[in-house]
Amino acid sequence: MNAMAHAATTADTGTAGIAPARVAIDIDNVAVTFGGSSKAVRAIDNVSLKVHEGEFISLIGHSGCGKSTLLRTIADIIEPSEGKVSIFAGTTSSARAARTFSMVFQQSVLMPWAKVIDNVRLPFEVGGANPKTGNFMDPREALKLVELEGFEDALPSELSGGMRQRVSIARALVTRPKVLLMDEPFGALDELVRDTLNVELLRIWKQSGMTIVFVTHSLQEAVFLSQRVVVMSRRPSRIGGILEVDLPAERDLALKDAPELGRYVARLRDMLGAG
Amino acid sequence: MNAMAHAATTADTGTAGIAPARVAIDIDNVAVTFGGSSKAVRAIDNVSLKVHEGEFISLIGHSGCGKSTLLRTIADIIEPSEGKVSIFAGTTSSARAARTFSMVFQQSVLMPWAKVIDNVRLPFEVGGANPKTGNFMDPREALKLVELEGFEDALPSELSGGMRQRVSIARALVTRPKVLLMDEPFGALDELVRDTLNVELLRIWKQSGMTIVFVTHSLQEAVFLSQRVVVMSRRPSRIGGILEVDLPAERDLALKDAPELGRYVARLRDMLGAG
Amino acid sequence: MSIDRSVGTTAAPLPRIWSIFPSPDAARALGMAMLGLTLTLIIWQLIIVLFKVPTYLVPAPTDVAGAVSRDLPLLLEAAVPTITEAFFGFLLGNTVALLVAVSFVYNKVVEEMFYPVAILIKTIPIVAIAPVLKIILGNGIEPKIVIAALICFFPTLVNSVRGFRAVNPQLLELMRVLSASKTEVFLRVRVYSALPYIFSALKISVTMCVLGAIVGEWIGANKGIGYLLLQSMFDFNAPRLFATILTASVIAITGFAIVSMLEKWIIRWDPGVAM
Amino acid sequence: MSIDRSVGTTAAPLPRIWSIFPSPDAARALGMAMLGLTLTLIIWQLIIVLFKVPTYLVPAPTDVAGAVSRDLPLLLEAAVPTITEAFFGFLLGNTVALLVAVSFVYNKVVEEMFYPVAILIKTIPIVAIAPVLKIILGNGIEPKIVIAALICFFPTLVNSVRGFRAVNPQLLELMRVLSASKTEVFLRVRVYSALPYIFSALKISVTMCVLGAIVGEWIGANKGIGYLLLQSMFDFNAPRLFATILTASVIAITGFAIVSMLEKWIIRWDPGVAM
Amino acid sequence: QQKQVKLQLAWLYNAASAGEIVALKKGYFTEKGLDVEILPGGPNSNTVQEALSGVAQIATTYAPEIMYGANQGLPIKTFGAAFQKAPLTFYSLGEANIKTVADWKGKRIGAGQGATAQVKAVLDHSGLKFEDITFIQAQIPGLLQDQVDVVASWPTNVAQNAPVLQHAGGYNTQSIWDNGLQFQSNYYIARTDLIESDSDMLAKFLEACDKGWAYAADNPEEAIDMVASMSSAIEKDKELASLKVIVADFIYTDETREHGFANISKDRWNATLQTYARIGEIKPELTADDVFDDRVLVAAQRTKR
Ligand SMILES: Nc1ncnc2c1ncn2[C@@H]1O[C@H](COP(=O)(O)OP(=O)(O)OP(=O)(O)O)[C@@H](O)[C@H]1O
Ligand SMILES: Nc1ncnc2c1ncn2[C@@H]1O[C@H](COP(=O)(O)OP(=O)(O)OP(=O)(O)O)[C@@H](O)[C@H]1O
Ligand SMILES: Cc1ncc(C[n+]2csc(CCO)c2C)c(N)n1
Ligand SMILES: [Mg+2]
Ligand SMILES: [Mg+2]
């Protein structure tokens, strides 16, 4: 089966998997307009997309095209100006309350007054989450996962940019959410750490059956991780195309340099250029 | 000539060019220790490196290894705990005063209260720089360069993460400095914009004879842009190795996918893994 | 939730233009203030009636209303000199406070040496130095202005010293790289960082300077709110006394509202944000 | 340059431990304060001598020193009740102010309705309500505490309302995603964002509550600084009067120093920073 | 069974309340079956309101306060006056050569804002108008610093007046008493209903004060010691000097010799009220009966001295 054939410009193509999975996130004709200091900006327009349960989907698109805006709409931070988003057939705000999703922000958002470990522990301490009853991760384990053992007691201001971002990732993972929204989580990381975390993320994803929406600028990373890659067009952004990545479920780092991945990347580059 | 043969672990290898250029930045046995909230951290240790005038040099290394620290030491923001840094045989602080260098910070640092255009114009308005006498760039032109025309009057909070970073880049370019220090400038940008800016940066570099020290996480980018790539080892960071990139001076985007570049990247990956 | 302010709305608001006319916001605030005051008056009246509080002790709002309507010309006439004194005292006190704060921020030693002196001056009761003030400043408007200034000096000093220091350290690094002088750092960064603190202080001192003018009038005046207050007290004219206090409150509340409006107009970015 | 605080130094400072003993920093501050006060005294003495200011008007520092050494037991004895009143007034006033500020931040309508009422209360002169206070609270320490509280209530209210709102909007987004309740947002984010503002207010009110206690004693007392002040004024004992003022200043300066130390101890992160 | 009574003073504990303090310390109140607590006053205290509102049953205050209170219909009256004469006196330095109130014309007259009416009354008595002078709020330092030509002060406050009394060029005085304004001072006041219902208690109170003042007059040093025991900041020498003036010129006069301690003259009240009405300070219909109830004075056994 050739992946290229699956590329489509409509949103409602089925998933690559065989079993018809539930729809995890249903983005229905969403538009967002910002009232800026000088003029109103329509960031995204007319976006429809269904993300299925257990799917790993990536969003790519030009800087400023509205990827973060879309993610923040899903996360119930921004209310769409038009259309609506459902998560597991419910509203985004009930999903938020149920801790259905976690989010990694584009810029690491840490409490500057709290130690690293307390920043990671935050999701347990607010919003009614109780680490005793939930299927939660040990904060120290999460920090180990992002290679930050030994920095538990440091303040965020004592960390490098990449280290801060890794703290945010640990914080998002610690509740083992059903849906994970990640906005360029690995942008500030070196390739080695990034590779490790890529593999680790895939492992967690497969193990947990999580649904992941992943914003990245690395086409290679998008292809390596995802089952589908959504390409967003320039502002006002719509979905420019969707690329189904028909690579084996078991992916290891060797795949990153494999020619079949390269072909997908080339295709994506074309789609981006056209968008 | 095989580039691999040029890889060296000592810092004082000559430049790849034929004419013996002046030393632009002389890092002499520098160490930096931070006094943290819980314990002292030695970020970099015993780093010596000579960057020649007109050279394009990249720094790579694991997240938290001390790349930003080294750059901030060159920029006279951090005083080294040991050793010293000279710029064109003078002190870093006189170079700073003379506006010899510009810096792009890892996280876009913008004045939240000032419009985009005023943020870009800042270097003209402080530190005694006079755009009338200097060989300066028009701020609007700089914004065009980073594809932000039309956003002159927006406030930084109305921009996306990548757009903010591009504003920082425009601000660094606007004074046409002799030395440009860039800390992961393109980290938050999509590939297309990144490619454009890579080519643009190379053009400016060649045209101006600037010396550029460039921190990146993308090995491909490092090889594509640089004449030498410095690999830093884990904390306390030293120079783990230097890779000379012996690719033609004229580089276009096609080179990014070329196998010779791939070979350099693979070599770098090895050096990183060993560090 | 208070997050609402970061939520994009369907309709982009009209571009903000500077207008001296009250906005719908201001009208709403005025209405609410009226409601709050009315509620307070009702509770006050109830207490007076229920506990049979005699008029000579605390008059009922109805009594005060009677006094206001009877004595309106008297109250208005008394308001003029007090407003004048308070206004100039406000200008003088805050200007001096800001200048001293600037000198403190420029020079830590000056701060350490003279902050205690400022506290010393602050703790001198006005009555204790009234004879001195009279001898130096005479019996005109000057001593009242100086007393109003003395009283509102300290909050602005403390807040602006704090504010000038609450600067994003990354912006300071940027300014350092740009070799900005202390003054430039001050005008371009510290002032903006301090503005939320300064406006907070101005709100405090605008009410205090009215009280200062009143106290100033107590050491020697034959007109003004302070004079009327004392006279009403001598005469056991409690309704007029409270009508006078109410007049002072209206002056203070108006000042507060003006400062708040100025604040809204000047601080257009989110003071919690740092880029 | 003030950037110095972000500069890494050769020797890592000792780990910070909580100590009630003055640090070298505190010792230095004390020394500087002494220097500043001494300088002020010298200038004061010079003015007295040069302008031949009579003692009954303003005594020379030497006269005041004489009074201090003569009346030291008297001054110390008077300090005890005033410190007690000021202390409890400080606690009461600030607690109430913080609670009101919290209610304002929780509920914008409450703020719009009752901020003006707070200003109204602020503008009531103590003399006007002294009999009421005496009836309700008796002749003991209670009315003095309440007056001190009334006087220091307002700065804390204004500053903490501002502070609770000066929150990094990204942190609010994070808390929203975590479904944190208003209270959790409050305790985890707003409190910390407000701390610099609150401490600034406490510094203002710690000096004001001393003045408040003094004015409180003027409704009738036979001990305390306020009493001593009145008696010295009545006796035209200017040296003792100024010695008493000095005692009040020492109390205020000590309070200020304690609040400053607490601030240093509690705010260990950089309040200008936002991650 | 002791009766609890509170006395609110118009000012801090000092020589002006020496008699009351002696009565307390020597147990004269207790002898009369009264358990008295003496509350100090101050600039932020308003004793008329405090007596009215029950902070204290008895208070001391000055004539203008009482007249203004009566003018507002406040249910309060005087039942005795410790000071037979209001002490307010205008001081000028010898060089100014101001011998009479008539000489005030065109001069700068200093007093507290509360003494404006007294200045008016005195001017009125000498045929001058308020517009003939410049009124400035001032105290003794204002006189010494040439901010005013004449300043109001109390001769009982010896310490305050010392710089004038010691002035090389001498000084001149005009008291309000000698210039047409003969009210008394340090009146004992109480609610009208209390005077009507419990004049017996007030009479006992007055008798104890009488005894106290007599003892203070005979043993001024000891009296000042007692005052000082209640107020740490008293300067005994200054206070002793004041007490002597107070006792000699204000507590005991021809009036007390004839009628007894704390006597109040109804005629003087009427004259004063008329004066105040004439200068427009109060309603003209007020009479002595509105500010004074004589039943306590009548009931009390008072020393004639
Ligand atoms: N608060 C705001 N007010 C006004 N405009 C905004 C605001 N936030 C975002 N925008 C605009 O919306 C558009 C999309 O922004 P968004 O952050 O979603 O981009 P993005 O795709 O995430 O970009 P990047 O890859 O650079 O992060 C941008 O053009 C930006 O200018
Ligand atoms: N102010 C500080 N106080 C204490 N430690 C610090 C401070 N700044 C940096 N460090 C430490 O110094 C080390 C190097 O930091 P640096 O920011 O230079 O890393 P980097 O190589 O730029 O990493 P990244 O790629 O993640 O940006 C880190 O381990 C960090 O914890
Ligand atoms: C300068 C001056 N200060 C206060 C008073 C008010 N006062 C305080 S005590 C007292 C009685 C004298 O012991 C009086 C009248 C005044 N009259 N003159
Ligand atoms: Mg984004
Ligand atoms: Mg870095």
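The values are calculated or read from the model by the stated rules, or taken from the named source; none is laboratory data. Keep in mind it's a predicted model, so treat the numbers as computed, not measured. Methodologically, a virtual Cβ is constructed for each residue, glycine included, from the backbone with ideal geometry; neighbour enumeration extends over all protein chains shown. For accessibility, only protein heavy atoms count, side chains too; no ligands or nucleic acids. Shrake-Rupley method; radii C 1.70, N 1.55, O 1.52, S 1.80 Å.
Which ones in segment E:26-68 are assigned to a loop (DSSP other than H, G, I, E, B) and aromatic (Phe, Trp, Tyr)?
Step one: list which residues in segment E:26-68 are assigned to a loop (DSSP other than H, G, I, E, B), which gives E:26-27, E:32-33, E:40-46, E:54-57, E:62.
Selection gives E:Tyr62 alone.
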**Prompt:** Consider C:Val96 against the criteria (1) more than 29 Å from D:Ile48 (Cα to Cα); (2) open to solvent by 20 Å² or more (accessible area, probe 1.4 Å): it satisfies all of them except one. Which criterion is unmet?
**Reply:** (1)
**Request:** Mind telling me which of the residues E:Leu24, E:Leu34, E:Leu7 ends up being among the aliphatic types (A, V, I, L, M) and within 12 Å of another protein chain (Cβ to nearest Cβ)?
**Result:** E:Leu7
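Could you tell me whether C:Phe88 is open to solvent by 50 Å² or more (accessible area, probe 1.4 Å), aromatic (Phe, Trp, Tyr) and under 22 Å from C:Trp218 (Cβ atoms)? Spell out how you get there, then give the answer.
Details: open to solvent by 50 Å² or more (accessible area, probe 1.4 Å): yes; aromatic (Phe, Trp, Tyr): yes; under 22 Å from C:Trp218 (Cβ atoms): yes.
Yes; evaluated as a whole, the condition is true for this residue.
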**Asked** List, please: which pairs have Cβ atoms under 6 Å, are six or more places apart or on different chains, and start with a residue in segment C:166-180 that is on the phi < 0 side of the Ramachandran plot and end with one that is among the basic types (Lys, Arg) and open to solvent by 10 Å² or more (accessible area, probe 1.4 Å)?
**Response** C:Val167/C:Arg190
**Prompt:** Which of the residues spanning segment E:247-289 are touching a residue at least 40 places away in the same chain (Cβ under 8 Å) and open to solvent by 60 Å² or more (accessible area, probe 1.4 Å)?
**Reply:** E:Asp249, E:Arg257, E:Glu258, E:His259, E:Arg278, E:Lys283
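Just a yes or no: is a residue in segment E:11-21 more than 16 Å from ligand 3 (Cβ to nearest atom), surrounded by 21 or more Cβ atoms within 10 Å (Cβ to Cβ) and not acidic (Asp, Glu)?
Taking segment E:11-21 and keeping what is more than 16 Å from ligand 3 (Cβ to nearest atom), we get none.
The answer is no; no qualifying residue exists.
Which residues, counting only those in segment A:90-112, are more than 16 Å from ligand 1 (Cβ to nearest atom), facing another protein chain (nearest Cβ under 7 Å) and crowded, with 24+ Cβ neighbours inside 10 Å? Show your work before the answer.
Taking segment A:90-112 and keeping what is more than 16 Å from ligand 1 (Cβ to nearest atom), we get A:90-102, A:110-112.
Checking which are facing another protein chain (nearest Cβ under 7 Å) leaves us with A:96-97, A:99, A:110-112.
Result: A:Leu110, single match.
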**Prompt:** With (1) over 30 Å from A:Pro112 (Cβ atoms); (2) more than 25 Å from the chain's Cα centre (by Cα); (3) away from chain D (no Cβ under 11 Å) as the list, and C:Leu76 as the residue in question, which single condition is left unmet?
**Reply:** (2)
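Would you say B:Asp246 is more than 21 Å from A:Gly61 (Cα to Cα), surrounded by fewer than 19 Cβ atoms within 10 Å (Cβ to Cβ) and not assigned by TED's automatic domain parsing to the domain that holds B:Thr69?
Details: more than 21 Å from A:Gly61 (Cα to Cα): yes; surrounded by fewer than 19 Cβ atoms within 10 Å (Cβ to Cβ): yes; not assigned by TED's automatic domain parsing to the domain that holds B:Thr69: no.
Taking the combined requirement at face value, the residue does not satisfy it.
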**Message:** Report every pair of residues separated by at least 6 positions or lying on different chains whose Cβ atoms are under 9 Å apart, first residue within segment D:33-55 and away from every other protein chain (no Cβ under 11 Å), second at pLDDT below 95 and open to solvent by 70 Å² or more (accessible area, probe 1.4 Å).
**Reply:** D:Gln45/D:Thr62; D:Ile48/D:Thr62
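Looking only at segment A:65-118, count how many residues are in a loop (DSSP other than H, G, I, E, B) and within 16 Å of ligand 4 (Cβ to nearest atom). Give the derivation first.
Applying the first criterion (in a loop (DSSP other than H, G, I, E, B)) to segment A:65-118 yields A:65-66, A:75-81, A:88-89, A:98-100, A:105-115.
Remaining after also requiring within 16 Å of ligand 4 (Cβ to nearest atom): A:65-66, A:75, A:77-78, A:105-109.
So the answer is 10.
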**Prompt:** Just one of the numbered conditions (1) closer than 18 Å to C:Val177 by Cβ; (2) touching a residue at least 40 places away in the same chain (Cβ under 8 Å); (3) open to solvent by 10 Å² or more (accessible area, probe 1.4 Å) is not true of B:Leu70; which one?
**Reply:** (3)
**Complete:** Over segment E:102-123, the set of residues surrounded by 19 or more Cβ atoms within 10 Å (Cβ to Cβ) and farther than 22 Å from E:Gln160 by Cα is E:Trp104, E:Ala117, E:Lys120, E:Ala121, E:Val122, E:Leu123
**Prompt:** Quick one: in segment E:82-101, which of the residues that are polar (S, T, N, Q) and open to solvent by less than 30 Å² (accessible area, probe 1.4 Å) is farthest from the other protein chains (Cβ to nearest Cβ)?
**Reply:** E:Gln84
**Pick from segment A:169-184, criterion within 16 Å of ligand 2 (Cβ to nearest atom) and under 13 Å from the mean Cα position of the chain (by Cα), ranking: nearest to the other protein chains (Cβ to nearest Cβ)** = A:Glu184
**Prompt:** What are the residue pairs meeting all of these: first residue in segment B:153-166, first residue more than 7 Å from chain A (Cβ to nearest Cβ), second residue part of a helix (DSSP H, G or I) and open to solvent by less than 10 Å² (accessible area, probe 1.4 Å), Cβ atoms under 6 Å, and 6 or more apart or on different chains?
**Reply:** B:Arg164/B:Pro156
**Residues that are open to solvent by less than 20 Å² (accessible area, probe 1.4 Å) and facing chain C (nearest Cβ under 9 Å), drawn from segment E:141-164** = E:Pro141, E:Gly142
**Residues within segment C:48-72 that are open to solvent by 80 Å² or more (accessible area, probe 1.4 Å) and among the β-branched types (Val, Ile, Thr), tallied** = 2
**Asked** Do any residues in segment E:111-127 that are in contact (Cβ under 8 Å) with a residue 40 or more places away in the chain have Cβ atoms under 9 Å from those of residues that are open to solvent by 30 Å² or more (accessible area, probe 1.4 Å) and within 13 Å of ligand 3 (Cβ to nearest atom), where the two are at least six apart or on different chains, and which pairs are they?
**Response** E:Ala111/E:Gln139; E:Gly112/E:Gln139; E:Gly114/C:Phe234; E:Gly114/E:Tyr62; E:Gly114/E:Glu65; E:Ala117/C:Phe234
**Request:** Could you grab me the full set of residues in segment D:200-237 that are at positive phi and more than 7 Å from every other protein chain (Cβ to nearest Cβ)?
**Result:** D:Gly224
**Prompt:** When the residues of segment A:75-89 are filtered to those that are out of contact with any helix residue (DSSP H, G or I) (no Cβ under 6 Å at 6 or more places or on another chain) and within 14 Å of chain C (Cβ to nearest Cβ), which remaining residue is surrounded by the most Cβ atoms within 10 Å (Cβ to Cβ)?
**Reply:** A:Ser81
**Item:** Conditions (1) away from chain D (no Cβ under 13 Å); (2) crowded, with 19+ Cβ neighbours inside 10 Å; (3) in contact with a helix residue (DSSP H, G or I) (Cβ under 7 Å, 6 or more places away or on another chain); number of the one not met by C:Pro81
**Value:** (3)
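From the list A:Pro139, A:Pro131, exactly one residue is away from ligand 2 (no atom under 16 Å from the Cβ), assigned by TED's automatic domain parsing to the domain that holds A:Leu155, modelled with pLDDT of 90 or more and of a type outside the set (A, V, I, L, M, F, W, C). Which is it? Lay out the reasoning, then the answer.
Numbers: A:Pro131 fails: modelled with pLDDT of 90 or more.
Only one candidate qualifies: A:Pro139.
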**Item:** Unmet criterion (only one of (1) within 9 Å of chain A (Cβ to nearest Cβ); (2) in a helix (DSSP H, G or I); (3) surrounded by 21 or more Cβ atoms within 10 Å (Cβ to Cβ)) for B:Asn198
**Value:** (1)
**Prompt:** Only one residue in C:Val109, C:Val117, C:Val132, C:Val158 is crowded, with 23+ Cβ neighbours inside 10 Å, under 29 Å from D:Val210 (Cβ atoms) and within 7 Å of chain D (Cβ to nearest Cβ). Which one?
**Reply:** C:Val158
**Asked** When you scan segment E:107-205 for strands (runs of 3 or more DSSP E) that lie fully inside it, which ones turn up with 2 or more residues that are among the β-branched types (Val, Ile, Thr) and either touching a Leu at 6+ places or on another chain (Cβ under 6 Å) or within 19 Å of D:Phe236 (Cα to Cα) (or both)?
**Response** E:150-153
**Prompt:** So which of B:Arg228, B:Arg203, B:Arg251 is away from ligand 4 (no atom under 16 Å from the Cβ) and at pLDDT below 90?
**Reply:** B:Arg251
